[in-house]
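Worksheet: one structure, shown below.
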Amino acid sequence: MSTDYSKLLDVAKRAAVKAGDIVLDIYNQGTFTSYQKEDNSPVTTADYKSNEVIMDILQRETPDIPIMSEETDCGPLANRQAWSKYWLLDPIDGTQEFIARSGDFAVNIALIENNQPVIGVIYWPAGETLYFAQKGQGAFKASPIENKQIFVRPFSDVEQDVIMIAISRRQAREKVMNSMSDSRTYQTLPLGSCSLKACFIAEGKADVFLRFGETGEWDAGASQCIVSEAGGTILAHDFAPLTYNQREELTNPDFIVMGDKNVDWTSIVKYQSGK
């Protein structure tokens with residue numbers, strides 16, 4: 001039986017928006033508690049509530065598809081390596097931004113099939129904006145002011161254009177700039193969550209983003225589908241492909257989100273793991 005990807009995309013969109021709107025209510029009311037995980041990353045009761053809402057919808061509407069989430073025990077590789085497809089969730093990407101009240105947090109849902117993202121949904125509650133993509137069908141943005149297909153920014157001059165770098169609000173600017181070639185001119189666009197920076201590249205508001213530090217596969221899955229369908233690329237720091245559900249650990253290497261494929265990013269990014 002063939003997979004109805006449009007139906008699965010619709011389920012993911014509805015789940016992301018419902019969870020995101022509930023999270024936004026909690027955010028506006030300030031009625032949440034924060035904790036520290038074993039890896040010292042923050043988590044809140046809003047993360048858990050978002051996870052519960054998404055899991056309930058996905059389990060009810062797609063009971064045969066396993067779910068992997070940042071906020072649940074994903075089990076050992078031996079138990080999940082045979083999954084031909086599964087949902088991959090980050091109930092709140094940008095928990096630090098949620099706590100800091102910047103508004104730059106999002107809900108991420110991806111469908112992974114044969115170890116690659118084929119559906120990506122990212123909902124930005126504070127911006128009332130939904131980014132989504134299905135493999136081979138393009139990337140799109142829906143908000144109160146526009147509904148459109150999105151594309152990375154095409155450079156008019158791949159050798160000379162000023163490059164817009166999406167940069168984390170809490171990331172040292174020097175660390176990023178030291179990883180870029182001295183031969184180009186840059187501007188920076190400060191943003192919060194990892195996935196929102198990827199979406200801004202997908203819609204042409206920025207051109208590249210360097211992600212230092214530990215992330216999970218759920219931080220990249222939805223973004224990779226959306227950016228790829230918009231004409232860009234997400235690769236590991238050494239320009240190798242990211243992998244999904246192929247290792248015991250679910251952590252990513254440092255990675256790079258890139259826009260226009262006509263640009264020789266390997267000559268611009270001097271990125272090295274651990275810098």
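The values are calculated or read from the model by the stated rules, or taken from the named source; none is laboratory data. Note that the structure is predicted; figures quoted are calculated from it, not measured. Here the Cβ positions follow ideal geometry from the backbone for every residue, glycine too, while neighbour counts run over all protein chains shown. Keep in mind that these areas ignore ligands, DNA and RNA; they rest on the heavy atoms of the full protein, side chains included. Shrake-Rupley method; radii C 1.70, N 1.55, O 1.52, S 1.80 Å.
Remark: Lys148 matches the filter, which requires a residue to be part of a strand (DSSP E or B), open to solvent by 80 Å² or more (accessible area, probe 1.4 Å) and in contact with a strand residue (DSSP E or B) (Cβ under 7 Å, 6 or more places away or on another chain). Residue count for the range 190-226 under the criterion of being surrounded by 24 or more Cβ atoms within 10 Å (Cβ to Cβ), touching a Leu at 6+ places or on another chain (Cβ under 9 Å), more than 17 Å from Ala16 (Cβ to Cβ) and not acidic (Asp, Glu): the result is 3.
Picking from residues in the range 52-104 that are in a loop (DSSP other than H, G, I, E, B) and polar (S, T, N, Q), the one that is least open to solvent (accessible area, probe 1.4 Å) is Thr62. Scanning the range 49-79 for residues being at pLDDT below 95 and farther than 14 Å from Gly216 by Cα gives a total of 5. Yes or no: the range 223-233 includes at least one residue that is at pLDDT below 95 and more than 23 Å from Arg101 (Cα to Cα). Within the range 223-233, not a single residue is at pLDDT below 95 and more than 23 Å from Arg101 (Cα to Cα).
The helices (runs of 4 or more DSSP H) found entirely in the range 182-275 include none that carry 1 or more residues being farther than 18 Å from Val158 by Cα, without any contact (Cβ under 8 Å) to a residue 12 or more places away in the chain and of a type in the set (D, E, K, R). The residues of the range 227-236 that are open to solvent by less than 20 Å² (accessible area, probe 1.4 Å) and farther than 18 Å from Leu111 by Cα, listed by number, are Gly232, Ala236. Just the residues that are assigned to a loop (DSSP other than H, G, I, E, B) and either open to solvent by 70 Å² or more (accessible area, probe 1.4 Å) or of a type in the set (Phe, Trp, Tyr) (or both), please, taken from the range 113-145. The answer is Asn114, Glu128, Lys135, Gln137, Pro144, Ile145. Scanning the range 30-44 for residues that are open to solvent by 50 Å² or more (accessible area, probe 1.4 Å) and either among the β-branched types (Val, Ile, Thr) or modelled with pLDDT of 95 or more (or both) returns Thr31, Thr33. When residues of the range 46-88 are filtered for being aliphatic (A, V, I, L, M) and touching a helix residue (DSSP H, G or I) at 6+ places or on another chain (Cβ under 8 Å), how many remain? Within the range 46-88, residues that are aliphatic (A, V, I, L, M) and touching a helix residue (DSSP H, G or I) at 6+ places or on another chain (Cβ under 8 Å) number 9.
To keep it simple, each residue is scored yes or no on (1) touching a residue at least 12 places away in the same chain (Cβ under 8 Å); (2) in contact with a Ser or Thr (Cβ under 8 Å, 6 or more places away or on another chain).
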{"site": "Ala19", "(1), (2)": "yes, yes"}
{"site": "Ile22", "(1), (2)": "yes, yes"}
{"site": "Thr33", "(1), (2)": "yes, yes"}
{"site": "Asp47", "(1), (2)": "yes, yes"}
{"site": "Asp56", "(1), (2)": "no, no"}
{"site": "Thr72", "(1), (2)": "yes, no"}
{"site": "Trp83", "(1), (2)": "yes, no"}
{"site": "Ile92", "(1), (2)": "yes, yes"}
{"site": "Glu97", "(1), (2)": "yes, yes"}
